[in-house]
Amino acid sequence: MTAVLVINSGSSSFKYQLIDMDTETELATGLVERIGDGVGHARHTATGSTDGRIDQTLPIPDHTAGFAVMIEAFAQHGPTLSEADLVAVGHRVVQGGSVFLGPVVVDDLVQGQIADLADLAPLHNPAHVQGIIAARAFFPTVPHVAVFDTSFHQTLPAAAYTYAIDTALAAEHSIRRYGFHGSSHKFVSEAAAEFLGRPLAELKTIVLHLGNGASACAVDGGRSIDTSMGLTPLQGLVMGTRSGDIDPAVVFHLHRKAGLGIEELDELLNKKSGMLGLTGNGDMRDVEDAAVAGDEVAQAALDVYYHRIRGYVGSYMAQLGGLDVIVFTAGVGENSPIVRAGALAGLEGLGIEIDPALNDPFSRVPRVVSTAASRVTVLVIPTNEELEIARQTLGTIGRTPPAL
Ligand code: AMP
């Protein structure tokens, strides 16, 4: 067996997944949370084992203590890491800036560069570094690989990533569109080509990653050529709690007229906007239920959400110069027939037509949800960012992922 451990480390929690790369199947998953909070919580599940699940509450003062809890859970509840033949640890890193064009083996220099990019991702990169430091201490003999959410979008042309502001100021402060959700957009666009049995190189695809965070990506022959998130994950689509696109002058206006300071505005647009701001509830399931029950506020919010998506679909059809495939993915995209149908309603004239008989049934497998007559094929493909990180990790250490 060849196993890769994938770590997604946040400031007060980390998630992990152990993946058997011979079969690309999950061996174990876990979550360690409320680190440094007095009473921590850890959950570990060894996939397919009846006694392989543990849920415990205990003090977890820091990430290193959290890693000790994880190691103990593997030892007690399996699979044992030595038997699984752990060959590498893959770390999700949100911001790779313009420094990292692809995944890299982590050494002290790389670790420092990831830390230095904290200015661009203050909530994420420092937390990733904490996870990397702890993981390198616990697994000193295997390679660690950093896989960046931004690197898939490093193929964006300058015209797509440049903001029309003072060039010198932008250069000095590294201001440009970076884009995020790259592992998901890459995984899903490749899976779409595979599912359709068509060469990736000839497909023009729009991926709609609709989760709590949401972004659209235009993929031309496997390369990201445009994406809706920008310098930060705030730009673009309407999200659970983020506004997405907004006239920047709203910020000046609220500062001048409502007296809001920078921190309050940051919090307003990142944490109190989107579906939460529009309806008082940031969870799409609740918004949908309310709309179905006749709540006009919820329906109006969904209309804003759909309007934004349609705008990106139209824009990306133009940027791609055509379109073969639209893929829905992530929590909302995979699970909500209402959102899929609503977002693409009225696009029949552009050759995009959803088939209710295919769209409505719940399923966990990749599938077509457009009509046979639809010129653009609309797919639902469950994303798997952990597997993508594991594949890139294996590729980076010189082992190719299996051809399954
Ligand atoms: P993610 O960030 O990908 O985990 O997605 C989380 C979002 O998916 C939340 O807003 C959930 O409400 C939403 N979600 C999950 N299941 C459904 C569903 N059946 N219908 C609508 N939204 C859903």
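Since every read-out is calculated from the coordinates, none of them should be taken as a lab result. Model, not experiment: these values are computed from the prediction. Because the Cβ atoms are built from the backbone with ideal geometry, glycine has one as well, and the counts that use them run over all protein chains shown.
Karplus-based coupling profile of the stretch 136-152, in residue order and whole Hz: 5, 5, 7, 10, x, 9, 9, x, 10, 10, 9, 10, 9, 5, 8, 5, 4, with θ = phi - 60° in 6.51 cos²θ - 1.76 cosθ + 1.60 and x standing for Gly or Pro. Return the tail of the calculated pair distribution for the stretch 345-404, meaning the percent of Cα-Cα pairs more than 13 Å apart. Summing the P(r) tail past 13 Å for the stretch 345-404 gives 69 percent.
Per residue, the Cα convex hull of the stretch 208-257 amounts to 79 Å³.
With contacts defined as alpha carbon pairs under 8 Å and 6 or more residues apart, what's the relative contact order of the stretch 208-261 in percent? Computed value for the stretch 208-261: 24 percent relative contact order. For the stretch 250-299 versus the stretch 1-27, the spacing of their alpha-carbon centroids is 34 Å.
With a Förster radius of 30 Å applied to the beta-carbon distance between D85 and D283, the computed FRET efficiency rounds to 0.15.
With the helix formula -39500 (n - 2.57) applied to DSSP H stretches of n ≥ 4, the chain reaches a computed 222 nm mean residue ellipticity of -11000 deg cm²/dmol.
Along the axis of the charge dipole computed for the chain (Cβ charges of +1 for Lys and Arg, -1 for Asp and Glu, origin at the Cα centre), the listed residues Y316, L196, Q17 are led at the positive end by Y316. Principal axis analysis of the Cα atoms in the chain yields extents of 57, 54, 45 Å, listed in decreasing size. Phi angles across the stretch 372-389 convert, under the Karplus curve 6.51 cos²θ - 1.76 cosθ + 1.60 with θ = phi - 60°, into 3J(HN,Hα) values of 4, 7, 5, 5, 8, 7, 9, 10, 10, 10, x, 7, 8, 5, 5, 5, 4, 5 Hz, Gly and Pro given as x.
Summarising the overall dimensions of the stretch 280-404 from its C-alpha atoms, the Rg and Dmax are 17.0, 56 angstrom. Report note on the peptides 148-160, 252-264, 114-126: ranked by the mean count of other C-beta atoms within 10 Å, highest first, their order is 148-160, 114-126, 252-264. When only the Cβ of Lys, Arg, Asp and Glu is charged (+1, +1, -1, -1), the dipole of the chain relative to its Cα centre reaches about 480 debye.
Each of M70, A46, T227 was placed along the dipole of the chain (beta-carbon charges, centred on the mean Cα), and the one lying farthest toward the positive end is T227.
3J(HN,Hα) along the stretch 300-315: 5, 5, 4, 5, 5, 4, 5, 4, 5, 4, 4, x, 5, 4, x, 4 Hz, from the Karplus curve 6.51 cos²θ - 1.76 cosθ + 1.60 with θ = phi - 60°, whole Hz, x for Gly and Pro.
Here K271 is the anchor, and the aspartates and glutamates within straight C-alpha reach of less than 17 Å, apart from those fewer than 8 places off in the same chain, are D245, E263, D283. D by Stokes-Einstein for the stretch 91-183, Kirkwood Rh over Cα pairs, 20 °C, 1.002 mPa s: 154 µm²/s.
Taking the Cα of L58, stepping 7 Å toward and past its beta carbon, and measuring to each backbone N in the stretch 64-103: which are under 16 Å? Answer for this model: 64-78.
Using 0.36 nm per residue, how much length does the chain from A293 to R375 gain when fully extended, once their Cα-Cα distance is taken away?
Roughly 26.2 nm would be gained on extension.
For the pair the stretch 38-109 / the stretch 122-193, the C-alpha centres are spaced 21 Å from each other.
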